[in-house]
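Have a look at the structure below, then the notes.
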Amino acid sequence: MTNKPIVYWASPIEVAALRSDAKIMSTNNLVKTRLILDKILDNIQAGDKVAVKVHVGEAQNTRYLRPDYVREVVDAIKSKDAIPTLIETQGLGLRARKIDISEDYYVCINHRANPADHAKIANLHGYNESVIGAPLQFIDGEDGTDGKKIQIDGIHFKDVSVATGLFKFDKMVVISHFKGHPQATFGGALKQLGIGCVTKRNKFLAHMGKLPKILSRKCDITTCNQECIESCSVKAISIENDSAVINQDLCYGCLKCMLKCPHKKKKSPIKNPSMILGDAFVERFIDNALAVMTSFGPENIRYINFAFDVVVMCDCVSNPGPPVVPDLGIFGSTDPVAIDKACVDTEINAPGLPILEKDGTWREPEPPGVEKFKASSPLSEMLGYQMQFNASLKNKIGSTDYELIKI
Ligand code: SF4
Ligand code: SF4
């Protein structure tokens, strides 16, 4: 008997026996998903309201997790007479935008920034009741600001705003598409908790480190109609000593004030902080993950990671790039750190895939033993697999030491 958390793994390549008496001795990835679920959904009881955390993918992204896998999770929950609901929160930003790249073509950004645009993409990608068999609910309200403040003793944060709607549920199954991420190196279960379950305020604080500020030396209230005050839906802006100021306890970083202020670019009095990279970003979202786990109860959460289309970038972008390794399979666990570590270890041990360069030549694949996302990223010196695990161990939210059981 071991005290290490177990990670169940179904390889996509291996032909597995379904049952000892089965005539058909091979299983497909949906059956393997169900075999993993049989191992990890032991905590779900009849009548439980079960949140199924998903990410529907940005518009134009073609590498997001296929809804077929999510339907399998939903069916497994229903088979226990429990009630599944897909849950999601709003992405950063304000509104969906299209950036023209020619007269006929454009690139989509921020299509998950508000419920209306987010629901359109969810439908387009098959994340709805008619395809998956469970409704999709946004758990952080219209503005992405409905949160419950959870006190923690984190690396950076003392409190985190966790999406209020989460607390209507008894259990949660976190579904993650394991792939690369430009700031965090990879995205898996930890990122689903630490970014996907918190309000925009804590998403903003994780990505930027601080909230916007108004520089009094640039803010001249005689040159405007104080549009910033009107634009702020949470009434975070007031005038003090002839200058607008932002209440940092209320602001959630939507930047509507910056859009409405008549002074733009270098003349803008509103200072939007720059994105933070590496440990600074990762430690903050692991603080968020700590708040989600402690408030919802680690025993109420199960994790399933799908390592298919293991691409360089995350599902929040319209072009996530090519896969860096072959499909690695399906992983299931009770521990978010162990499951992500098992995915990372499997990815490092796998041979890389050749990558097509801009000039049309193929880059030699990376050999087993190399961190493929780091090797493929232009920000590679800022990245590293250990960042998420070091921060998780500091916050004591799981174990990097695990037992891998092949299904
Ligand atoms: S102060 Fe500006 S950035 Fe902050 S919530 Fe209000 S409008 Fe949004
Ligand atoms: S921030 Fe812009 S809109 Fe707001 S008071 Fe200052 S100058 Fe006017």
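Whether a residue is more than 28 Å from I246 (Cα to Cα), at pLDDT below 95 and either touching a strand residue (DSSP E or B) at 6+ places or on another chain (Cβ under 7 Å) or part of a helix (DSSP H, G or I) (or both) was assessed, and A119 passes this test. When you check I286 against the structure, is it more than 30 Å from N225 (Cα to Cα), touching a residue at least 24 places away in the same chain (Cβ under 8 Å), part of a loop (DSSP other than H, G, I, E, B) and among the β-branched types (V, I, T), yes or no? No: the conditions fail for I286.
Of all the residues in the stretch 244-291, those that are small (G, A, S) and modelled with pLDDT of 95 or more number 3.
Residues are listed down the side, and each one gets a yes or a no for (1) surrounded by 24 or more Cβ atoms within 10 Å (Cβ to Cβ); (2) within 30 Å of F308 (Cβ to Cβ); (3) outside the structural domain of A51 (by TED's automatic domain parsing); (4) of a type in the set (S, T, N, Q):
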position	(1), (2), (3), (4)
G188	yes, yes, no, no
K191	yes, yes, no, no
T199	yes, yes, no, yes
N202	yes, yes, no, yes
C219	no, no, yes, no
N225	no, no, yes, yes
I229	no, no, yes, no
K235	no, no, yes, no
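Of the residues making up the stretch 344-377, those that are within 21 Å of the chain's Cα centre (by Cα) and of a type outside the set (A, V, I, L, M, F, W, C) are D345, T346, E347, E371, K372, K374, S376, S377. Report whether or not S161 is in contact (Cβ under 8 Å) with a residue 40 or more places away in the chain and of a type outside the set (A, V, I, L, M). So S161 passes the test. Scanning the stretch 189-226 for residues that are away from ligand 1 (no atom under 13 Å from the Cβ), under 24 Å from K260 (Cβ atoms) and among the hydrophobic types (A, V, I, L, M, F, W, C) turns up L215, I221, C224. For the stretch 239-263, name all the residues that are more than 9 Å from ligand 1 (Cβ to nearest atom), assigned to a loop (DSSP other than H, G, I, E, B) and more than 26 Å from the chain's Cα centre (by Cα). Passing the criteria: N241, D242, C261, P262, H263.
Among the residues making up the stretch 85-101, those that are at pLDDT below 95 and either among the charged types (D, E, K, R) or not assigned by TED's automatic domain parsing to the domain that holds D309 (or both) are R95, R97, K98, D100. The one condition from (1) assigned by TED's automatic domain parsing to the domain that holds K266; (2) crowded, with 24+ Cβ neighbours inside 10 Å that K179 does not meet is (1). Set side by side, the residues A82, A16 differ, and just one is surrounded by 13 or more Cβ atoms within 10 Å (Cβ to Cβ) and modelled with pLDDT of 95 or more, which is A82. For G297, only one of the following conditions fails: (1) within 15 Å of ligand 2 (Cβ to nearest atom); (2) free of Cβ contacts under 8 Å to residues at least 12 places away in the same chain. What is its number? Among (1) within 15 Å of ligand 2 (Cβ to nearest atom); (2) free of Cβ contacts under 8 Å to residues at least 12 places away in the same chain, G297 violates only (1).
Of all the listed residues (S216, S274), the sole one being hydroxyl-bearing (S, T, Y) and in contact (Cβ under 8 Å) with a residue 60 or more places away in the chain is S274. Taking the stretch 143-176 as the range and being of a type outside the set (S, T, Y) and within 18 Å of V282 (Cα to Cα) as the test, the residues that pass are I152, D153, G154, I155, H156, F157, K158, D159, V160, V162. In the stretch 223-238, the qualifying residues are those that are near ligand 2 (Cβ under 9 Å from one of its atoms) and either over 34 Å from the mean Cα position of the chain (by Cα) or assigned to a loop (DSSP other than H, G, I, E, B) (or both), and the one that is farthest from K158 (Cα to Cα) is T223. Scanning the stretch 307-323 for residues that are on the phi > 0 side of the Ramachandran plot and free of Cβ contacts under 8 Å to residues at least 40 places away in the same chain yields no hits at all.
Quick check, is S274 more than 13 Å from L215 (Cα to Cα), hydroxyl-bearing (S, T, Y) and within 16 Å of ligand 1 (Cβ to nearest atom)?
Numbers: more than 13 Å from L215 (Cα to Cα): yes; hydroxyl-bearing (S, T, Y): yes; within 16 Å of ligand 1 (Cβ to nearest atom): yes.
Answer is yes for this residue.
Here C261 does not qualify as out of contact with any Gly (no Cβ under 8 Å at 6 or more places or on another chain), surrounded by 15 or more Cβ atoms within 10 Å (Cβ to Cβ) and closer than 18 Å to D143 by Cβ. Scanning the stretch 264-285 for residues that are surrounded by 16 or more Cβ atoms within 10 Å (Cβ to Cβ) and under 16 Å from M382 (Cα atoms) gives I276, L277, G278, D279, A280, F281, V282, E283, R284. Just checking, does the stretch 192-213 include any residue being within 16 Å of ligand 2 (Cβ to nearest atom), part of a loop (DSSP other than H, G, I, E, B) and farther than 30 Å from P84 by Cβ? Checking the stretch 192-213: at least one residue is within 16 Å of ligand 2 (Cβ to nearest atom), part of a loop (DSSP other than H, G, I, E, B) and farther than 30 Å from P84 by Cβ.
Only residues that are surrounded by fewer than 19 Cβ atoms within 10 Å (Cβ to Cβ) and over 23 Å from C316 (Cα atoms) were counted in the stretch 49-79, giving 4.
The values are calculated or read from the model by the stated rules, or taken from the named source; none is laboratory data. The structure presented is a predicted model; accordingly, all values stated were derived computationally and were not measured. Don't worry about glycine lacking a Cβ; one is built from the backbone with ideal geometry, like all the others, and counts go over all protein chains shown.
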